[in-house]
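Note sheet for the following structure.
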Amino acid sequence: MKLVFEDNGACQELFGVRESNLKILEQELAISLQARGNELNLKGSSDRLEIAQSLLEQLYSTVKQGFPMSSDDLRRGVRNAMEEGNVKIDDILTDTVLYTHRNRRISPKGLHQKLYVDAIRQHDLVFGVGPAGTGKTYLAMAMAVDALNRKVVERIILTRPALEAGERLGFLPGSLQEKISPYLRPLNDALHDMIDMDRAEALLAKGFIEVAPLAFMRGRTLNSAFVILDEAQNTTHEQMKMFLTRLGYDSKAVVTGDITQNDLPRNIRSGLQASEEILKGIEGIDFCYFDDNDVVRHPLVQRIVRAYASADLKREREKQREREDQKEQRG
């Protein structure tokens with residue numbers, strides 16, 4: 001198979017420095033690629049060549065439009081294409097959620113992030129469920145800042161459980177702000193990554209952005225707001241119900257969490273887990289799921305997530321065998 005690309009500049013960026021992108025495609029797809037100028041010869045199995053052709057043509061269109069492409073984008077694109085079939089990689093990479101105060105473009109990094117962003121655009125309540133480092137909270141924050149900038153909402157409210165399974169703030173030393181600050185810092189960090197410090201502080205002071213523990217949501221009605229509940233796996237059933245019923249007119253809510261990192265006592269079920277069973281299928285609500293392939297932090301994080309998932313599965317199997325052995329002994 002031969003592909004010819006007309007734009008030499010876009011072609012060079014597509015191939016990568018010293019053809020590094022072509023080497024990634026060869027490794028991921030187990031095919032052979034040979035470049036001569038703006039021509040590319042592909043050899044391999046027909047199904048893999050079909051994937052490679054589709055990806056190369058889409059990525060060529062992406063870089064020709066002036067959108068950057070990293071090696072990680074390419075790897076995720078290959079894996080998305082192999083797992084999901086006909087994936088529009090160009091639609092993912094050209095989707096701009098927000099430009100930060102440093103003029104850095106925030107966009108989806110893979111299929112699941114793209115589906116998540118689209119779900120937030122189309123639904124008033126979205127749940128983002130998956131492991132750490134998959135961009136659940138960060139993308140929700142970017143969507144909230146964009147909505148505030150475009151005056152779609154009047155304020156942003158960021159909240160999370162302040163303490164595991166109880167929010168017992170009174171037992172901590174210091175003022176109220178000093179007590180809750182460590183638990184809300186991740187939300188503040190993401191916010192300051194998107195908005196310059198002076199503007200962020202002004203918006204916080206004027207109430208256009210509010211960062212507060214979940215306990216502070218009780219009894220309120222949140223109109224014309226973009227509300228983000230982070231670390232929702234640490235909410236109880238009652239807390240989750242309380243939060244979801246705060247949503248007012250012209251508002252959106254995004255709930256993020258990782259069920260595998262539940263810090264609640266063993267006898268208390270996570271409100272996030274319960275909400276999946278109760279709310280799935282209701283119009284206006286969508287659930288988006290991420291896995292370890294969506295991790296966009298340091299490459300080690302992806303391997304750590306996989307290692308822990310494997311260990312958890314092994315431990316669960318051992319427990320199951322113990323239960324079966326005990327049952328046989330009693331029989």
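Please go through the range 1-58 and give me each residue that is touching a residue at least 40 places away in the same chain (Cβ under 8 Å) and over 31 Å from the mean Cα position of the chain (by Cα), ordered by number.
Result: 1, 2, 3, 5, 7, 41, 42, 43.
Could you list all residues from the range 88-113 that are of a type in the set (S, T, N, Q) and open to solvent by 30 Å² or more (accessible area, probe 1.4 Å)? Write out each step before concluding.
Going through the range 88-113, the residues of a type in the set (S, T, N, Q) turn out to be 94, 96, 100, 103, 107, 113.
Once the filter is applied, which keeps residues that are of a type in the set (S, T, N, Q) and open to solvent by 30 Å² or more (accessible area, probe 1.4 Å), the range 88-113 yields 94, 96, 103.
Could you please give the count of residues in the range 119-157 that are part of a helix (DSSP H, G or I), open to solvent by less than 40 Å² (accessible area, probe 1.4 Å) and not small (Gly, Ala, Ser)?
Within the range 119-157, residues that are part of a helix (DSSP H, G or I), open to solvent by less than 40 Å² (accessible area, probe 1.4 Å) and not small (Gly, Ala, Ser) number 9.
Quick one: residue 91 ticks every box in (1) over 16 Å from the mean Cα position of the chain (by Cα); (2) under 20 Å from residue 186 (Cα atoms) except a single one, so which number is it?
Single failed check for residue 91: (2).
So which residues in the range 248-292 are open to solvent by 60 Å² or more (accessible area, probe 1.4 Å) and either modelled with pLDDT of 90 or more or not in a loop (DSSP other than H, G, I, E, B) (or both), if there are any at all?
249, 250, 260, 261, 273, 277, 278, 282, 283, 289
Got a sec? Which of 117, 63 is within 24 Å of residue 192 (Cα to Cα) and hydrophobic (A, V, I, L, M, F, W, C)?
117
Of all residues in the range 170-204 being more than 23 Å from the chain's Cα centre (by Cα) and open to solvent by 90 Å² or more (accessible area, probe 1.4 Å), which is modelled with the lowest pLDDT?
171
Which pairs turn up if I take residues in the range 103-130 that are over 16 Å from residue 280 (Cα atoms) and look for partners that are basic (Lys, Arg) and open to solvent by 10 Å² or more (accessible area, probe 1.4 Å) with beta carbon separation below 7 Å, at least 6 apart in sequence or on another chain?
From the range 103-130, the pairs are 108/114; 109/76; 110/76; 130/136.
For the range 265-282, how many residues meet the condition of being within 15 Å of residue 229 (Cβ to Cβ) and of a type outside the set (Gly, Ala, Ser)? Steps first, answer last, please.
Here is the first cut: in the range 265-282, the ones within 15 Å of residue 229 (Cβ to Cβ) are 270-276, 279.
Retained after the next criterion (residues that are of a type outside the set (Gly, Ala, Ser)): 272-273, 276, 279.
Total satisfying the criteria: 4.
For the range 221-238, which positions are farther than 19 Å from residue 276 by Cβ, open to solvent by less than 60 Å² (accessible area, probe 1.4 Å) and not in a strand (DSSP E or B)?
Residue satisfying the conditions is 224 alone.
The values are calculated or read from the model by the stated rules, or taken from the named source; none is laboratory data. A quick note: this is a predicted structure, and the numbers were derived from the prediction, not measured. Quick reminder, even Gly has a Cβ in these numbers, built from the backbone with ideal geometry, and neighbours come from all protein chains shown. To get the accessible areas, we keep the full protein, side chains included, count just its heavy atoms, and leave off ligands, DNA and RNA. Shrake-Rupley method; radii C 1.70, N 1.55, O 1.52, S 1.80 Å.
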